[in-house]
1. Might you check whether a residue that is more than 24 Å from residue 256 (Cβ to Cβ), in a loop (DSSP other than H, G, I, E, B), at pLDDT 95 or above and among the charged types (D, E, K, R) occurs anywhere in the stretch 317-333?
2. So, in the stretch 272-287, exactly how many residues are in contact with a Leu (Cβ under 9 Å, 6 or more places away or on another chain) and either more than 12 Å from residue 326 (Cα to Cα) or not aliphatic (A, V, I, L, M) (or both)?
3. Can you give me the ranges of the strands (runs of 3 or more DSSP E) entirely in the stretch 52-134 with at least 1 residues that are closer than 20 Å to residue 161 by Cβ?
4. Of these, 267, 194, which one is part of a loop (DSSP other than H, G, I, E, B) and in the same structural domain as residue 343 (by TED's automatic domain parsing)?
5. If you go through the stretch 266-313 one residue at a time, how many are surrounded by 13 or more Cβ atoms within 10 Å (Cβ to Cβ) and among the acidic types (Asp, Glu)?
6. Name every residue in the stretch 324-345 that is under 13 Å from the mean Cα position of the chain (by Cα) and farther than 26 Å from residue 223 by Cα, in order of residue number.
7. Looking only at residues that are farther than 16 Å from residue 360 by Cβ and in a helix (DSSP H, G or I) in the stretch 296-305, which one is farthest from the chain's Cα centre (by Cα)?
8. Give the stretch 362-376 a look and list any residue that's assigned to a loop (DSSP other than H, G, I, E, B), over 11 Å from residue 343 (Cα atoms) and either touching a residue at least 60 places away in the same chain (Cβ under 8 Å) or touching a helix residue (DSSP H, G or I) at 6+ places or on another chain (Cβ under 6 Å) (or both), or say none.
Amino acid sequence: MTVRCLARLLVSTMGTRPYHATVTAEGHLVDSGVLSEAMDQIVRGGASFAVKEFTLGATNLQPSRAVLEIQAPSRGPLERVLGHLVDLGFYTAAVAQLVVRRAPKDGAAPEGFYSTTNHATQVYLDGRWQRVRDQRMDSAIVLDPGPRCRKLRDLRRGDRLVCGHDGIRIIPEFKDRGRADFGFMTNDVSSEKKVEWVVGHLADWIANRTGKLVVVAGPVVIHTGGGEPLAKIIAAGWVDALLAGNALAVHDVERALYGTSLGIDTKSGVPVEHGHQHHMRAINVIRLAGGLKQAVRKGLLKDGVMHSLIKHTVPYVLAGSIRDDGPLPDVITDCNAAQEAYWQNLRGAEIVLMLSSMLHSIAVGNMLPSWVKTVCVDINPSVVTKLADRGSHQAIGCVTDVGLFLHLLWERLSKTK
């Protein structure tokens, strides 16, 4: 249905505006809130708008289309408003000239470079819309050999970069009504019914996926007894990569060698005499062996998450931090190198399961395109909220004990194969 008369109702009158632009958006503009957010951004930015065309999709699966004319008193407000609208999926006319400038030096972009979002992005190049590859947020778009996202530190002097917002089109992820979002983070989220709901959907996604399942895990997985079911899930072939820090591996080894995690007996929950030393002794055993893989090969490490990963040749990355004890020889202590290793293992991910690790989860969320299904499990709801605040709106949040969650997930998956 075309509602041209809607233009009369949705015009913000702010006098004569000499600077103007026409923008278009297609997609699920109404149920996703994109159209109302765009109008708010225009008014807050000191501009006005007129709805030139609006076509409403007849069903939830059919896209809508909106054409807005933006007017502003000067070029500055107009440019700022257009920048916000591009991030929402609006684009200027397809014939708009893509602004291209060269990087002035290694590791830096020219002023006004376009900074990417996590949504699928296209640029109008050589007379057609072309998909930007390696989509991730907070990157630049380089054009050679084809449009792709690249981190600032990886730019080289002379690289051709997209600047401004003309000739750029973002395709926001469709918000499936059958898929929860951060509004799910209410007090009843941690009820058994809600946890089982998330586990059930996740198990179905995992069983029917065509891409990779990547797990991001913190040491709380071991502290809460989730190491055993996670090791079983890995051994059964469900996991394609694991991303974590030094602490997960250290306490996993501690549990395998001494039956404790942070000095607490994992079966009785009682502190063990001199248990506070166990994680350091565990680190030392692995360092003496030369690394985790060598410890498995020598028969020193016989069970646990790391043993399961190594035995079943599942890739893993351990990223270091300033707080690390040891660290284990397998830990990548260069943060840029660790980030790149994370990024390489996230390629082709269809599902990412984030398990009680605030910093690693947020870091991974910043690397993911918006079409990757993301499940964040944590006893602390602020972890999921912080992930949302940084732009990873595609995630499902589940507030619960991660050990319980993994036991339930293993129960469901074990009945699948």
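The values are calculated or read from the model by the stated rules, or taken from the named source; none is laboratory data. Note that the coordinates shown come from a computational prediction; the quantities given were computed from them, not determined experimentally. Positions of Cβ are backbone-derived with ideal geometry, glycine not excepted, and every protein chain shown enters the neighbour counts.
1. No - not one qualifying residue is present in the stretch 317-333.
2. Of the residues in that region, 6 qualify.
3. The qualifying strands (runs of 3 or more DSSP E) are 99-102, 120-125, 128-131.
4. 267
5. 1
6. Selection gives 343 alone.
7. Per the criteria, the residue is 297.
8. 369, 370, 371
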